[in-house]
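Just so it is clear, none of the values below were taken in a lab; they were calculated from the coordinates. Quick caveat: nothing in here was measured; it's all calculated off a predicted structure. Glycine also receives a Cβ, built like all others from the backbone with ideal geometry; neighbour counts cover every protein chain displayed.
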Amino acid sequence: MFQIKKRDGLARIGELELPHGKVQTPTLMPVINPNMDFISPSEMERIGAQMFITNSYIIMSTPSLRERAKEEGVHSIVGTERPIMTDSGAFQGHMYGKVRTENLEVVSFQKEIGVDIATILDIFSEPHFTYEEAKHSVEETYRRGKEAVEAHPDMNLAGPVQGSIYEDLREESARLMSSLDFAIHPIGGVVPLMENYRYVDLARVIISSKKGLNPSRPVHLFGAGHPMVFPMAALLGCDLFDSSSYAKYAYAGRIMFPRGTEKPAKLHPSPSPSPPRPTPTPADPRKMPDEERHRLLALHNLYVSFSEIRRVREAIRKGTLWEMVEQRARARPELLDALRTITEYNEYLERFEPRTRRSTFLYSGWEGLKRPGIERAARDAERLALESPRRFLPEAEHPYSRTYSEEMRSKERLGISSPFGPVPIELDSTYPFGQSIFPEMLDKDVGERMKEYEGGDGERVSDRDIETVRTIARFQFGDKGAKLLLDGKITVVKSKKTGKIRNVMVDGEHVLSLRAEDGLFTLKLAGGERLHRSEFPAYRVVVSDGDEFIRDGKNVFARFVADMDPKLKPADECIVVNRNDELLGVGQVILNREEALAFNRGVAVKVREGKKD
Ligand code: GUN
């Protein structure tokens, strides 16, 4: 049902296939209130809606709607042929304390009216719940989930994760719900957190839920409809958002922006020049009749929300979502706190972080240096930089090798005291060190830390090119991998035009090529054969079937992955083997181990070269 098309850390562009069509994620499902229809679904579709959510409990408890829905189906009531998800009434339980329905009753009703995704009647876990109360909401939600999945094995059901703000309960709830055959997993009970700008708690809840969830299931952040939270929630792995906020804020005379919420008075004469307007000339919304104003403001809110969703997708595609989140976090101190909190979870997040991105690292504050992938790269570079005596030069214009061409002519081992920390000069063109832009005036502690390493004397190196090859290989494949790859007589082939290293030959075999864009190696088949001498499962993706496809150079689909080196991260180079550990090819990893084992759709490894029999 769900497959990843592009990814950036935990964030993903996915495709969700439902009975009423395909949906591209991340996306926002506008809430349709069947009792109020001041903006039509087709208008919303023009703004970007691909899927809607409505409330089956409201339909069920409104006699006229109930009968119509049973006769004509929910699509006729809502007025769209696009996919529709329905909620169950759990939120009404949160608002009014009680609901007059039961789990199986409301699930059967959703089935009867032909929804694309139905939601079980979960227990809304309030942030103020005691641990015991939260635990009960987790257990009861699981019990109802099991009951619904068993009664309707053929339905697409949503299994919410509950557990209040207790991280162990969230993870446990996610694990329990994932063990059942749900189509998607909403993260529930978070509306009060968002209403009160408790973004630190929100981030903790999302991460702890993600830890327990099956990574192949789409994740829905229940009730999230303010564009302020989209970038960060997507960064942490949320695929779907829903909200009636666009309408609620419009009724309250408020307009939404990615930076927050404002009153239109401040923006006289028109809330925004861009959204589609029902009036031909800009007018002061405060002077409009109520109905017209609600419509105008709601259209504005939808337009801004979908624009932000599109920007999030674009950022995932370009690999710039961290930057977007860092910039957006400046809009609200609580968001900045949440961003700073995320760094506590780097050990988990790192498993999904690619070693390289196509985009330049742009510094907008010290939090950028704490991104899980950046922190890892800086740590690895520091280890290599400090293990033998080096002379550290001050940070300078890139590429360092040009700025310091004079110093490079000596045979001294050199390093840069960079804002990332100490970096060997051999990583001059390697991501992120070579593809980064910092302001002249750095945050004080970053600037001070840099000075620590300046000066000293370096050892002599015998051949700079070989030193460069060895350092990049160790940075990328670890010491063991580099040793296997480079065991023998190393020669380099350089580009005639740029003078940069292109290919690495070892004992006459073409083992590695250096990518100009990110200064990292791609693995050639001869390199794969060398890595294959490592101990199982290092560097390996094991396929269960289809040897001949891989040998032919075709990609590895997730459903054929039987095992994988848990150390492999997205964008890493890997070798592909069969169950007998015979080498079939080399390629680049798209999914990490837990993802590859969970997904049964989509590509897990892009194969670069197959090994003919
Ligand atoms: N809408 C907003 N939050 C929730 C939740 O926790 N459960 C359900 N079913 N709907 C919601």
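Between Tyr96 and Glu17, what is the FRET efficiency for a Förster distance of 35 Å, r being their Cβ-Cβ separation, to the nearest 0.05?
Working: r = 35 Å, r/R0 = 1.01.
With a Förster radius of 35 Å, E is 0.50.
Considering Cα pairs under 8 angstrom that are at least six residues apart, work out the relative contact order of the range 1-155 and quote it in whole percent. Write down the numbers at each step before the final one.
Values: 230 pairs, mean separation 26.1, N = 155.
Normalised by residue count, the contact order of the range 1-155 is 17 percent.
Below 8 Å between Cα atoms, with a sequence gap of 6+, how large is the relative contact order for the range 315-433 in percent?
Computed over the range 315-433, the figure is 23 percent.
If you stretched the chain out fully between Arg340 and Glu291, how much longer would it get, using 0.36 nm times the residue separation minus the C-alpha to C-alpha distance? Don't jump to the answer; show the numbers that get you there.
Numbers: separation 49, 0.36 × 49 = 17.64 nm, distance 4.19 nm.
Value of the extension gain: 13.4 nm.
Report the calculated FRET efficiency for Arg310 and Glu105 (r = Cβ-Cβ distance, R0 = 30 Å), to the nearest 0.05. Walk me through the intermediate numbers first.
Details: r = 39 Å, r/R0 = 1.29.
Once the sixth-power term is evaluated, E becomes 0.20.
Once amide H atoms are placed 1.01 Å from N in the peptide plane, what residues at a sequence separation of 5 or more from Gly415, or on another chain, have their amide H within under 5 Å of its amide H?
The answer is Arg391, Phe392, Leu393, Ile425.
Testing the spin-label approximation: label points 7 Å from Cα along Cα→Cβ at Asp545 and Lys567. State their distance in nm.
According to this spin-label approximation, the distance is 3.1 nm.
Report the gain in length on full extension from Glu448 to Thr522: 0.36 nm times residue separation, minus Cα-Cα distance, nm rounded to one decimal. The partial results should precede the final answer.
Numbers: separation 74, 0.36 × 74 = 26.64 nm, distance 3.60 nm.
Taking Glu448 through Thr522 to full extension adds about 23.0 nm, to one decimal.
Just want to confirm a number: the relative contact order over the chain, from Cα pairs under 8 angstrom separated by 6+ residues, in percent. Intermediate values should be presented prior to the final figure.
Working: 1281 pairs, mean separation 56.9, N = 613.
Relative contact order here is 9 percent.
Return the sequence-ordered ³J(HN,Hα) values of the range 53-66 in whole Hz as given by the Karplus equation 6.51 cos²θ - 1.76 cosθ + 1.60 applied to θ = phi - 60°, using x for Gly and Pro.
For the range 53-66, the Karplus-derived couplings read 10, 9, 10, 5, 5, 5, 4, 5, 8, 10, x, 5, 5, 4 Hz, x marking Gly and Pro.
As a test of the formula, what do you get for the chain when each DSSP H run with n ≥ 4 contributes -39,500 (n - 2.57) and the sum is divided by the residue count, at 222 nm and rounded to the nearest 500 deg cm²/dmol? Intermediate results must be reported in sequence, preceding the final value.
Working: 24 runs with 233 residues, N = 613.
It lands at -11000 deg cm²/dmol.
How much length is gained on full extension from Asp465 to Glu45, taking 0.36 nm per residue of separation minus their Cα-Cα distance? Walk me through the numbers on the way to the answer.
Values: separation 420, 0.36 × 420 = 151.20 nm, distance 5.63 nm.
Full-extension gain reported as 145.6 nm.
For helix 167-178, what angle does its Cα long axis make with the longest principal axis of the chain, in degrees from 0 to 90 and rounded to 10?
Tilt relative to the chain: about 80 degrees.
Taking every DSSP beta bridge that has both residues in the chain, what percent is antiparallel when rounded to the nearest 5? If you can, show how the numbers build up before the last one.
On the way: 47 of 77 bridges.
Taking every DSSP beta bridge with both residues in the chain, the antiparallel ones total about 60 percent.
What is the set of long-range amide H partners of Arg7 at a cut-off below 5 Å, with H atoms built 1.01 Å from backbone N?
Ile13
So if we plug the beta-carbon distance of Lys70 and Arg330 into 1/(1 + (r/R0)^6) with R0 = 51 Å, what FRET efficiency do we get, rounded to 0.05? Please list the in-between numbers first.
On the way: r = 50 Å, r/R0 = 0.99.
Computed FRET efficiency for Lys70 and Arg330: 0.50.
For Ser429, what is the net charge nearby, where nearby means another residue's Cβ is under 11 Å from its Cβ and Lys, Arg count +1, Asp, Glu -1?
On the way: positive: Arg402, Lys500, Arg515; negative: Glu426, Asp428, Glu517, Asp518.
So the surrounding residues net to -1.
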